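Undergrad: Have a look at the structure that comes next, please.
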Amino acid sequence: MSETAGTTIEQAIKDQRVAIDACIKHGQQIAEAIARGKGGRELALSITKLQEAKMWCGQVLGELGHKLPEEYRDEAK
């Protein structure tokens, strides 16, 4: 992917995280409808994997020098 049309790699990754977050929220809505019925466990696993994907995209942003907003930073030292 080239950095044309005003889109940087960092912005593309941020956009990807937003899209993944939308999928997570949609999956959670479906999970509420299914409750503990058939496919519930598998759907829960798919939500977990989406959360992991969002986390890994965040790791890439960190490696590119993007700073996490202060309100989301871990206070543990």
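Undergrad: Taking the condition under 13 Å from the mean Cα position of the chain (by Cα), surrounded by 13 or more Cβ atoms within 10 Å (Cβ to Cβ) and either in a helix (DSSP H, G or I) or at pLDDT 90 or above (or both), does Lys54 pass?
TA: yes
Undergrad: Name the single residue, out of those in the stretch 31-50 being in contact with a helix residue (DSSP H, G or I) (Cβ under 6 Å, 6 or more places away or on another chain) and not small (Gly, Ala, Ser), that is modelled with the lowest pLDDT.
TA: This residue is Ile34.
Undergrad: A further question on this structure: State yes or no: is Gly40 over 21 Å from Glu10 (Cβ atoms) and surrounded by 13 or more Cβ atoms within 10 Å (Cβ to Cβ)?
TA: yes
The values are calculated or read from the model by the stated rules, or taken from the named source; none is laboratory data. Not measured: the values here are computed from a predicted model. For neighbour counting, all protein chains shown are included, and Cβ atoms are generated from backbone atoms with ideal geometry for every residue, glycine included.
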